[in-house]
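Below is one structure, written out as structure tokens; comments come after it.
Every number here is computed from the coordinates shown, using simple stated rules; none is lab data. What you see is a predicted model, and the numbers here were worked out from it, not measured in a lab. We place every Cβ from the backbone using ideal geometry, glycine too, and count neighbours over all the protein chains shown.
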Amino acid sequence: MSSIDKTSEITKSFDTILVLDFGSQYSHLIVRRLREIHVYAEMLPCTQKISTLKFKPIGIILSGGPYSVYEDDAPHVDPSIFDLNVPILGICYGMQEIAWLNNKSVSRGTKREYGPANINVLDSSCPLFKGTDNSKVWMSHHDKLTKLPDGFKTVANTDNTPFAGISHVSKPIYGIQFHPEVTHTVQGKRLLKNFAVNICKAPQNWTMENFIQTAVKRIRDTVGPTAEAIGAVSGGVDSSVASRLMKEAIGNRFHAIFVDNGLMRKNEAENVKHALDEGLGINLVVVDAGKEFLGNLKGVTDPEKKRKVIGHTFIHVFERVANQIKPKDGSQIKYLLQGTLYPDVIESVSFKGPSQTIKSHHNVGGLIDNMKLSLIEPLRELFKDEVRHLGELLDIPEDLVWRHPFPGPGLGIRVLGEVTPKQVEIAREADDVFITEIKKAGLYRKISQAFACLLPIRSVGVMGDQRMYEQVIALRAIETVDFMTADWFVFPADFLKRVASRIVNEVNGVSRVTYDITSKPPATVEWE
Ligand code: GLN
């Protein structure tokens, strides 16, 4: 499996603010906020040695963190960040770290401060606070500065925190006790902009328009003039955008493979083919493998086992098809496209220690070893919203760009119990009614993910004076920002009424419809 490179090549093309992570749950938000103002930022663990850093950042932000700087095992930054002569901003733990390295002036406060506080800007000439005024900020700390670090002055305070903002008297080094990266800090974005744009002189050139050129060039440089590449497409936004970039960079030397596993949603296989092949001109191989998948799923009811069977069948089919593709120069396929996004990279660099399993896109991880392929990950610096924006710029149809996430095993895990062609058909038809109605009601983009599940439980009903004894459809629709936690979506009652009535009337084999009102946690988004 691929090991994720810690710094990215993009730092050669875009001036970069480096966020050093001390393990705060908000660290990635610092990166996001900077990207939103078109400043490129990347995160690395706080333990990063400056001597091995592959680029020179234009500024450094030290994040918050759960530790206390005065503890024996507290993490500390490489002090040579102060020799780089670039602006530095410490946030919460980050500020305490600056103070600790300076004169050890940090200790446990008497009062823990968590939540909103009112800030008083004492020095309006301070470039960090320029254009901001007294407003609400978000606090999350227990430790405090006991006195000013040497060479610093106070620029902001709150009733409980005398050193809520500090700045060095002659160098561009700043510290704030509150969190500007969370939206509860009313002027947080302004503050980060002051730091990035005014203090670090970031050029604000991080746009998807600019990214396209860099990404295309990078693919060309990697693949070279004759080598060829393959990649799996699923009809989801990530693989579609990644494939589109490959097409732009190396034309028909990129081969997209779409495995129709017979577990797709209604008309999906045709739509994907139409959009990628005819629409975008991507060199696409479609494999109709529904029979093989459903054959292998026969008699399998355990959810984990189903996922494994589907995953293995996928690799098998993909490999078979990939082996039939013969590059024009007579060699072997050398590259495998993978739609890794920045959250996966962040997960691997965040200070809590690298996570063990990095999600492998479409289960193609095993192929790298089997087929001796090198990975190519053109989206690895991007957040999902950046990928969507990129997709729009690359003329990917709106339907694909905004498509709700769909699990790799598809309807295979939305048909509970055994997956037979008949059961898949029921789930597919019910799902289609639900999604069609959601789109008609203009709710599709408000909902993060919606689908129908088929429960193999029978219940009694009456239709046209005839007794029915059929199965149950459970509808699920959730709202979430990051899929870590999720809430069920509140539909108007008449919407649910309409969907239930349509499903029972139009989908053979269903006598009852329920709506899932469980949040995540404790429930997961999918049922299996
Ligand atoms: N652990 C430190 C404190 O309690 C820093 C907290 C933070 O960075 N959010 O003050």
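Data table
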| item | result |
| --- | --- |
| Residue among LEU390, GLY236, HIS316 farthest towards the positive dipole end of the chain, charges placed on Cβ | LEU390 |
| In the range 56-135, GluC sites (Glu not before Pro) in a DSSP loop with at most 12 other beta-carbon atoms within 10 Å | GLU71 |
| Table column - 3J(HN,Hα) (Hz), the range 498-513, Karplus curve with 6.51, -1.76, 1.60, x for Gly and Pro | 5, 5, 4, 5, 5, 5, 5, 6, 9, 9, 5, x, 10, 10, 7, 10 |
| Too-long pairs where the Cα-Cα distance tops 27 Å, listed order kept, from LYS54/LYS384; LYS189/LYS247; LYS49/LYS171; LYS130/LYS217; LYS111/LYS171 | LYS189/LYS247; LYS130/LYS217; LYS111/LYS171 |
| Amide H partners (placed H, <5 Å) of VAL510, local residues excluded | GLN471 |
| Point-charge dipole on Cβ atoms (K/R +1, D/E -1) for the range 420-515, about Cα centre, debye to 20 | 120 debye |
| Rounded to whole Hz, the Karplus (6.51, -1.76, 1.60) HN-Hα couplings of the range 264-272, x for glycine and proline | 8, 6, 4, 6, 5, 4, 5, 4, 5 |
| Between 0 and 90°, nearest 10: helix 208-223 axis offset from the chain longest Cα axis | 70 degrees |
| About the Cα centre, charge dipole magnitude for the range 1-156 (Lys/Arg +1, Asp/Glu -1 at Cβ), debye | 300 debye |
| Hits among aspartates and glutamates - C-alpha to C-alpha of LYS104 under 14 Å, sequence gap 8 or more where chains match | GLU71, ASP72, ASP143, ASP150 |
| Over 27 Å (Cα to Cα) - which of LYS497/LYS520; LYS56/LYS334; LYS306/LYS328; LYS291/LYS439 fall in this group | LYS56/LYS334; LYS306/LYS328; LYS291/LYS439 |
| Percentage relative contact order, the range 208-401, counting C-alpha pairs under 8 Å, at least six apart | 28 percent |
| Whole-number percent relative contact order across the chain, with pairs defined as alpha carbons under 8 Å at least 6 apart | 11 percent |
| Under Karplus coefficients 6.51, -1.76 and 1.60, residue-wise ³J(HN,Hα) of the range 113-127 in Hz, glycine/proline x | 10, 9, x, x, 9, 9, 9, 10, 7, 8, 10, 6, 8, 5, x |
| Placed amide H near GLY408: partners under 5 Å, 5+ positions off or other chain | none |
